[in-house]
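Below is one structure, written out as structure tokens, with a few remarks after it.
The values are calculated or read from the model by the stated rules, or taken from the named source; none is laboratory data. Please read these numbers as outputs of a predicted model, since none were measured by experiment. Heads up, the Cβs are rebuilt from the backbone with ideal geometry, glycines too, and the neighbour counts pull from every protein chain shown. With ligands, DNA and RNA removed, areas are computed over all heavy atoms of the protein, side chains included. Shrake-Rupley method; radii C 1.70, N 1.55, O 1.52, S 1.80 Å.
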Protein chains: 2
Amino acid sequence: MTGNPADRAGAILEIDLAGIAENWRLLARRAKPAECAAVVKADAYGLGAARVAPVLAAAGCRRFFVATIEEGIALRRVLPYPAEIAVLHGPWPGCVGDFIEFRLVPVLNDPGQIAVWRCAVTQYGGGSAMLHLDTGMARLGLTMPEFNRLADELSRPDSIRWRALMSHLACSDEPEHPLNGIQHQRFAVARQRLPGFPASLAASCGIFLGSNFHLDFVRPGAALYGLNPQPGCPNPMKQIVKLRGRILQIREVDQGQSVGYGAVHVMGSPGRLATVGVGYADGWLRSASQRASGRIGGKQVPLLGRVSMDLVVFDVSGIDPSLARPGGFVEFLDDEHGVDAAAIDAGTIGYEILTALGRRYHRIYRGANGSLC
Amino acid sequence: MTGNPADRAGAILEIDLAGIAENWRLLARRAKPAECAAVVKADAYGLGAARVAPVLAAAGCRRFFVATIEEGIALRRVLPYPAEIAVLHGPWPGCVGDFIEFRLVPVLNDPGQIAVWRCAVTQYGGGSAMLHLDTGMARLGLTMPEFNRLADELSRPDSIRWRALMSHLACSDEPEHPLNGIQHQRFAVARQRLPGFPASLAASCGIFLGSNFHLDFVRPGAALYGLNPQPGCPNPMKQIVKLRGRILQIREVDQGQSVGYGAVHVMGSPGRLATVGVGYADGWLRSASQRASGRIGGKQVPLLGRVSMDLVVFDVSGIDPSLARPGGFVEFLDDEHGVDAAAIDAGTIGYEILTALGRRYHRIYRGANGSLC
């Protein structure tokens, strides 16, 4: 008698795995002859690293980036060695053994992390690492003075197998920003001191700054998942996610009726409202209140009032009642109005729309030709 | 050789289960002689319904509210019948069997849901339900005209066992808002037509609007988890969550150095920065960029620049280096600067701070006297 999860779901999130592989291949072609890695941190930007990473490995990706050691351990379960899994936050004394056991590659961000890893390599006998140089983010990575102090020592034969010298661009979404050239120049100077280290500077947007940013390998994340790596230009990436929410109730309302918390929206005329089972607890950010919209049958329906924890209300006055009915669906994310557009509605960036995607959604993964997988 | 999860965690979230029980008892005393239910939807506002609900049941709570049928099924696994579990979004044809199988009580929001449930009760032989009347939210619940049309029929002996007539206040966080009185009055009129139905109108804030809002039972959620049910007044609730993030790196920076994405923060003087492994993928909302702060040893440290996906940067220039060191911690949420304060920093409400709390945090649950549980 128990129903199936899709039938009882308040909202359905479709994730196009084949599209992610297609996006990776597009980026890999664009970056050639540089190698193309893949960033699958934050659970593959909310889409499920355990589903996404094997598909990328099958497409030819050999090098993956996660943020934390926990993410690295989880990823190793689905990506057997020798797939390379690099951990951006690096090691500290409490987790060195985990790096060794799961054959994870730490990104070393400061002299302390280098020392911790050197000690581990001595103790356990050999280990790979990447070196992170900060060229203008002031976030993670060696400062220039630290690098200059250590470079001679690092250039000598070493028990650490150095898999990369990397840096990260702060303004790659703004091609004209002067910091891009400054960071590129600083990195070029640094590379000369460590000529044996494969070099990497570009993430998604950086790939589109020109081939001089590609170096030995690139590390796209956002563009794999459909975000536009060239804001303001047509998006070359395939849209990956679709989200639709179930209409729980339709109501007729009079002029003057207030809608939702705080009574902040007041109907200017009589109308018909659809209440849908998606809210900020599902990552549909509360900042989208009174700004976002959904779509039914290709027609836009404005979101009225505040986003609630588990619910939003749309004005469906202009929609055929055979479409706007309980049990029907409102599209939240689709090919026409994708993640980047939803981000503008919520006053944020597409990255946050993705990583906020909720746990209550029924998830459907699609492979080649839209087949379920 | 593998480390323990707390040692490798980038951030640690502590949840005070005993404090939640204490908050429930405070609210139950306040609402007496009305019964006190508990709202544990959205995974107990992000804190873990499977951990929270049994503690509330042990404290004496007999009636629980979730939003969705999936949440109801999951909760039934930890709360055996006869604990009452009501599902706010109600039933639709695809999930009626689940309601019966897991002995869940649907909240019926419109004539269609009443018909679906009446049909199920006939087919499966008996079942409880609650009736939801909309008195001013225009979100879920019967409209007044629908109610007036159905009330006589609903007042007659019925195969549905009616567990409640409920409504929900739109502006209960603003005691002076005229809609509170209007909703109370509309609900009072409606109750007269269904005298056999236990009546419920108040959630957390509603409990503090006065005893005339308590009726037969109250349904607190937010206040259980430490949010202030009387915004602008001293908070009578115990703070429930503490969040601290690990410092991954400390760096010295020069005047003029820009920090993070977009280079939006520029150092006005030389300083020292701490990079911490918490970001918007952990629910530390990007809207907190350049606004929020953390604390080290009781001293405030401002968040600089934009919140990244997995990282934030704090200015720790004024902090003793023995405290602001790699492996040390920055407090994000604590008794002094709790969820409501963090919400102001991010331009939202405490509810969203809670439901956004991330999956990557290492979670520690504490029971009586702070013991681990």
Report task. Name every residue in the stretch A:257-274 that is of a type in the set (A, V, I, L, M, F, W, C), facing chain B (nearest Cβ under 10 Å) and buried (at least 20 other Cβ atoms within 10 Å of the Cβ), in order of residue number. Result -> A:VAL259, A:ALA263, A:LEU273
Query raised in the report: For the stretch A:30-41, does any single residue satisfy the condition of being in a helix (DSSP H, G or I), in contact with a Gly (Cβ under 8 Å, 6 or more places away or on another chain) and not acidic (Asp, Glu)?
Result: yes
Report task. From B:ALA57, B:ALA44, B:ALA6, grab the single residue that is away from chain A (no Cβ under 14 Å) and assigned to a helix (DSSP H, G or I). Result -> B:ALA57
Query raised in the report: Under 8 Å by Cβ, and 6 or more places apart or on different chains, what pairs join a residue from the stretch A:297-315 that is farther than 21 Å from B:ALA222 by Cα with one that is basic (Lys, Arg) and not in a loop (DSSP other than H, G, I, E, B)?
Result: A:VAL301/A:ARG295; A:ASP315/A:ARG272
Report summary line: Scanning the stretch B:226-247 for residues that are open to solvent by less than 10 Å² (accessible area, probe 1.4 Å), within 14 Å of chain A (Cβ to nearest Cβ), not β-branched (Val, Ile, Thr) and not in a loop (DSSP other than H, G, I, E, B) gives B:GLY245
Query raised in the report: B:ASP7 fails exactly one of the following numbered conditions: (1) touching a residue at least 24 places away in the same chain (Cβ under 8 Å); (2) acidic (Asp, Glu); (3) open to solvent by 50 Å² or more (accessible area, probe 1.4 Å). What is the number of that condition?
Result: (1)
Requested in this report: Considering each residue of the stretch B:275-309, count those that are within 11 Å of chain A (Cβ to nearest Cβ), part of a strand (DSSP E or B), open to solvent by less than 10 Å² (accessible area, probe 1.4 Å) and touching a Gly at 6+ places or on another chain (Cβ under 8 Å), and give that number.
Outcome: 1
Query raised in the report: Could we say that B:ALA223 is within 30 Å of B:LEU17 (Cα to Cα), touching a residue at least 60 places away in the same chain (Cβ under 8 Å) and part of a helix (DSSP H, G or I) here?
Result: yes
Report task. Go through (1) over 17 Å from B:GLY358 (Cα atoms); (2) open to solvent by less than 10 Å² (accessible area, probe 1.4 Å); (3) within 14 Å of chain A (Cβ to nearest Cβ) one by one and return the number of the condition B:PRO326 breaks. Result -> (2)
Query raised in the report: Can you name the residue in the stretch B:97-142 that is in a loop (DSSP other than H, G, I, E, B) and modelled with pLDDT under 95 and, of all such residues, is most open to solvent (accessible area, probe 1.4 Å)?
Result: B:GLY125
Report summary line: All conditions in (1) at pLDDT below 95; (2) more than 28 Å from A:ILE114 (Cα to Cα) are true of A:PRO157 except (2)
**Report entry** Subset of the stretch A:339-370 that is open to solvent by less than 30 Å² (accessible area, probe 1.4 Å) and more than 24 Å from B:THR355 (Cβ to Cβ) - its residue that is modelled with the highest pLDDT
**Finding:** A:TYR365
Query raised in the report: Applying the selection to the stretch A:12-44, what residues are touching a strand residue (DSSP E or B) at 6+ places or on another chain (Cβ under 6 Å) and among the basic types (Lys, Arg)?
Result: A:LYS41
Report summary line: By residue number, the members of the stretch B:60-96 that are closer than 23 Å to A:LEU311 by Cα, assigned to a helix (DSSP H, G or I) and more than 14 Å from chain A (Cβ to nearest Cβ) are none
Requested in this report: Would you mind stating whether A:ASP254 is within 30 Å of B:GLU146 (Cβ to Cβ) and either at pLDDT below 95 or open to solvent by 30 Å² or more (accessible area, probe 1.4 Å) (or both)?
Outcome: yes
